[in-house]
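Each value in this text was obtained by applying a stated rule to the coordinates, not by laboratory testing. Just so it is clear, the structure is predicted and the values come from calculations on it, not from any experiment. So basically every Cβ, Gly included, is an ideal-geometry build from the backbone, and we count neighbours across all protein chains shown.
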């Protein structure tokens, strides 16, 4: 009788240990996928007072090879400015008639950084800001026009946001500049699984691809030289560790939980 009692007690101990092991495993998996320090989620850590990031006040994008520019020239004498504005005819047809509309000529910056402009010839545009390019045109137009007015628009300004954001994609920019914060706003902000301390900015330069890491939680983000994005920049948000771990273990975690549950069930049937 004592032997039977000892066996029963041993089985009960094994059963309780199995229950505890199962609870510990599930608690560990829950904590592994749910714990995130506040500093890993909150933007602009350490910004407690109003600060002015003077380094970015004068920022302006520069033109690069493959940029597409719309350039118009006007003056007090409109007739004198006509030779500098070559019109392009565009036709829309419905099968019965054709309607023509005039569009302004656009200019693609060549690999050597130049464009070929009517009457003025070859002009180097790569490396210039919009204001610098306007000054160049005013200098070249001075012998031909009185008080010329030059308007330059960058047509292919776009940025791409990828990774752990709600709406990844490529977004056109209608203004002259866009910050990384505005770009993330267009992409719907980061998901809770996005790594905010190690965003990757990929930029095309004349020397090749440039890669920069950006900490979105840092207080000095606003004074960073990479706070403003340039045309064709790519911003990539990496997944955080819980996201990576869940993607790596999601296929097997359920299997192990099922096996553990099965073992507990078998032990329960044995000890009864």
- Label-point separation, residue 189 to residue 85 (7 Å along Cα→Cβ), nm: 4.5
- Query: In nm, to one decimal, how far is the modelled label at residue 171 from the one at residue 124, with both set 7 Å along Cα→Cβ?
  - Reply: 3.5
- Express in nm, to one decimal, how much length is gained between residue 62 and residue 223 on full extension, taking 0.36 nm for each residue of separation and deducting their alpha carbon distance. 56.1 nm
- Measuring from label point to label point, each 7 Å out along Cα→Cβ, what is the residue 156 to residue 212 span in nm? 2.1
- Given 0.36 nm per residue, what is the gain on full extension from residue 112 to residue 147 after removing their alpha carbon distance, in nm? 9.6 nm
- Task: Report the extension gain between residue 198 and residue 245 in nm, rounded to one decimal, defined as 0.36 nm multiplied by the number of residues separating them, less their alpha carbon distance.
- Result: 15.2 nm
